[in-house]
Amino acid sequence: MTSQSSVKTLLILGASGDLTGRLLLPGLARLAAKGRAGGLKLVGAGSDPWTPEQWLERVSTSFADSLGQADPAGKLELERIARSTDYHQLDVTAGGELGALLKQLEGPVAVYFALPPQVSQKACEVLTPEEVPPGTRLVMEKPFGSSEATARELNNTLVGLVPEDHIHRVDHFLGKATVLNILGLRFANTFLEPVWNRNYIEKVEVIFEEDLALEGRARYYDGAGALRDMIQSHLLQIMALMAIEPPATVGERDLRDAVSTVLRASSIKPPFSTTSRRARYTAGSISGRDIPDYVQEQGVDASRNTETLAEVRVEIDNWRWQGVPFILRSGKAMGIKRKEAVITFRPVPHLPAGFTGVDSPNQLRIGFGPDTLQFDVDVNGPGNILSLDRATLNAVLSASDLLPYGEVLEGVLTGDPLLSVRGDAAEDCWRIVDPVLRSWSNGELPLEEYDAGTTGPASWPGSP
Ligand code: NDP
C-alpha cells in the first residue's frame with residue numbers, strides 16, 4: 001500500500017554525520033520501501049563541499065539493505081528517491097543560508113537537525129520566522145537543551161518559528177509499537193488496571209543496562225553521562241507511560257497530556273545520597289572482550305567525573321502513586337543486557353498456613369526491543385503440592401515492521417507528533433534531574449566504581 005507523505009521534502013542537515021548514515025537513511029529506506037513515504041523528495045545538506053555523487057553514494061549505501069529486500073514497487077520507490085536527491089553545502093549557523101535553501105525547496109519541508117546540539121540551537125536562533133515557510137516541521141534530536149532553563153530557551157526559540165505541533169523532539173527509544181504495547185497491556189485488561197496503584201504495587205523499576213562500553217563516543221558521552229543521556233530523556237518517558245491515568249484515546253493530545261501530568265507530579269527528593277547513586281566503570285571483560293578503564297578511553301577527561309552508571313528514585317506525588325518508588329537505572333559496560341520495566345507487586349496479606357516454599361512477590365516484566373512480557377507467579381510445585389514454586393508466563397508482543405528511525409520519520413512525514421516529546425515535558429524532564437546533577441557536580445555524592453562486565457559496584461545490592 002502506498003501512502004502519500006504530507007511532507008514534500010525531507011531536508012537532512014548533517015548529511016555526512018553518523019546519525020544520518022547509520023540510522024536516519026536506513027530508517028527512511030525501510031519506510032519508503034513499504035510505500036509509506038510516497039512522493040517524498042530527499043535533500044541532504046552539510047558544511048562539507050560534497051559533490052552530488054558523494055551524497056548519492058551515501059544514500060545508495062544506506063538504502064542497499066532495504067533495496068535487497070523490497071518488492072518491485074518498493075524498489076521503484078527507493079530508486080525514485082535516490083534519483084531525485086540533491087546535496088547542498090551550507091553553514092547553518094550563518095544567518096540567511098538555511099533560510100535561502102528553504103525558499104528553494106518544495107514545501108511542506110521537514111527540517112531534520114542531525115547536527116551537534118549547539119549547532120542545531122545556533123541554526124534555529126539565526127533563522128527568522130519570515131524564512132520559515134508555513135507548514136515547515138522542525139525535527140530536533142536529543143539532547144534537547146542541557147537543563148530546564150536551556151530547554152525552555154530552546155522551546156521559546158522554536159515556537160517563535162513554527163507551532164508546537166510542528167516541532168518534533170525525537171525520542172527514538174520509544175517506538176510506536178512499544179508505546180501502544182504498554183497502553184494495550186495496561187488499559188485493555190480489566191484484571192490489571194484495578195491493581196495498578198500504590199495499594200498493590202511495591203515498586204517500579206525502569207532499567208536500561210547495555211553491554212556496550214564507550215565505543216569511541218567520548219566526544220558526546222563524556223560531556224553527558226548516564227543520567228543526562230538515558231534517564232533524563234528515555235527512562236522518564238517510559239516511567240510516565242507506566243504511570244499515566246487511562247487516556248480517553250491514544251491520540252497525541254490525550255496521551256501527551258497524560259504523560260505531562262505524570263511528569264509534573266514527579267521529582268527526586270533530597271537527600272540525594274539516598275535517592276541517587278552514580279558509578280564509573282574500570283577495566284574488565286565482557287563476553288571475552290577486554291574493556292579498558294573508562295578514564296583511559298581516548299577523549300575522556302577523568303576530572304569531569306562522568307558517570308557510566310546512574311540510578312535515581314523518582315516519586316510521583318499523586319493519589320495513585322504516593323509512596324511507590326520508581327527506580328530508574330542506566331549503565332554502560334554491564335555484564336548483562338537489560339532493557340525492561342519491572343513491576344513488583346506487594347506480598348499477599350496472608351498466605352494460608354500449610355504452604356511451604358518461597359512466597360516471592362509477583363513481578364511483571366515488560367521487555368523493550370524486542371517487546372516481551374513475563375509474569376512471575378507462585379504456583380503449586382511439582383511433587384509436593386503444598387510447596388510453592390515460581391512459574392513464568394511469557395508472551396512476545398507485536399513488533400514494528402519499521403526500524404526505530406523509520407517510525408520517527410513516519411510521524412514527522414505524516415504530521416503525527418505522538419512519538420515526539422512535547423515542549424513542556426522536555427522541560428519537566430530536566431526539572432526532575434537538575435537538582436541531582438547539581439548535587440553531583442558539587443561533589444556531594446561519591447562517584448563509585450565497578451569493573452566492566454559486572455552488574456555494578458559491589459556496594460549496590462538491591463535498590464536505594
Ligand atoms: P556527527 O558529529 O557525526 O555529525 C554532525 C554533522 O553536523 C556532520 O555531518 C557535520 O557536517 C554537520 N555540521 C556541523 N556543523 C555544521 C554547520 N555549521 N553547518 C552545517 N552542518 C554542520 O553527529 P551525530 O550524527 O552523531 O549526531 C547528530 C545529532 O543526533 C546529535 O544531536 C546527537 O546527540 C544525536 N544523536 C546521535 C545518535 C548517534 O548514534 N549518532 C543517536 C541519537 C541521537 P560536516 O562534517 O560537513 O561539518
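Observations
- Every residue from the range 45-59 that is buried (at least 17 other Cβ atoms within 10 Å of the Cβ) and either in contact (Cβ under 8 Å) with a residue 60 or more places away in the chain or within 18 Å of residue 10 (Cβ to Cβ) (or both): 45, 46, 50, 55, 56, 58, 59
- Test result for residue 58, away from the ligand (no atom under 12 Å from the Cβ) and farther than 18 Å from residue 124 by Cβ: no
- Whichever residue in the range 333-364 is in a strand (DSSP E or B) and open to solvent by 50 Å² or more (accessible area, probe 1.4 Å) and, among such residues, is farthest from residue 285 (Cα to Cα): 353
- Some residue of the range 19-37 being open to solvent by 50 Å² or more (accessible area, probe 1.4 Å), in contact with a strand residue (DSSP E or B) (Cβ under 9 Å, 6 or more places away or on another chain) and assigned by TED's automatic domain parsing to the domain that holds residue 136: no
- Contact map, the range 160-184: residues that are under 25 Å from residue 231 (Cβ atoms) paired with residues that are β-branched (Val, Ile, Thr) and surrounded by fewer than 20 Cβ atoms within 10 Å (Cβ to Cβ), Cβ distance under 7 Å, separation 6+ or inter-chain. Pairs shown: 180/250; 183/250.
- Of the set (1) within 19 Å of residue 168 (Cα to Cα); (2) open to solvent by less than 40 Å² (accessible area, probe 1.4 Å); (3) free of Cβ contacts under 8 Å to residues at least 60 places away in the same chain; (4) within 12 Å of the ligand (Cβ to nearest atom), all apply to residue 132 but (4).
- Screening residue 306 against (1) surrounded by 23 or more Cβ atoms within 10 Å (Cβ to Cβ); (2) of a type in the set (S, T, N, Q); (3) closer than 20 Å to residue 419 by Cβ leaves a single unmet condition, (3).
- Some residue of the range 370-391 being of a type in the set (Phe, Trp, Tyr) and modelled with pLDDT of 95 or more: yes
- Failed condition for residue 88, given (1) within 11 Å of the ligand (Cβ to nearest atom); (2) assigned to a helix (DSSP H, G or I); (3) not aromatic (Phe, Trp, Tyr): (2)
- Residue selected from the range 101-127 under the condition open to solvent by 50 Å² or more (accessible area, probe 1.4 Å) and over 29 Å from the mean Cα position of the chain (by Cα), by the criterion farthest from the ligand (Cβ to nearest atom): 106
- Residue count, the range 27-47 (criterion: within 15 Å of the ligand (Cβ to nearest atom) and within 23 Å of the chain's Cα centre (by Cα)): 2
The values are calculated or read from the model by the stated rules, or taken from the named source; none is laboratory data. Given the structure is predicted, the values throughout are model-derived calculations rather than measurements. Please note: Cβ atoms are built from the backbone with ideal geometry, for glycine as well, and neighbour counts cover all protein chains shown. In case anyone asks, the SASA skips ligands and DNA or RNA and just uses the protein heavy atoms, side chains included. Shrake-Rupley method; radii C 1.70, N 1.55, O 1.52, S 1.80 Å.
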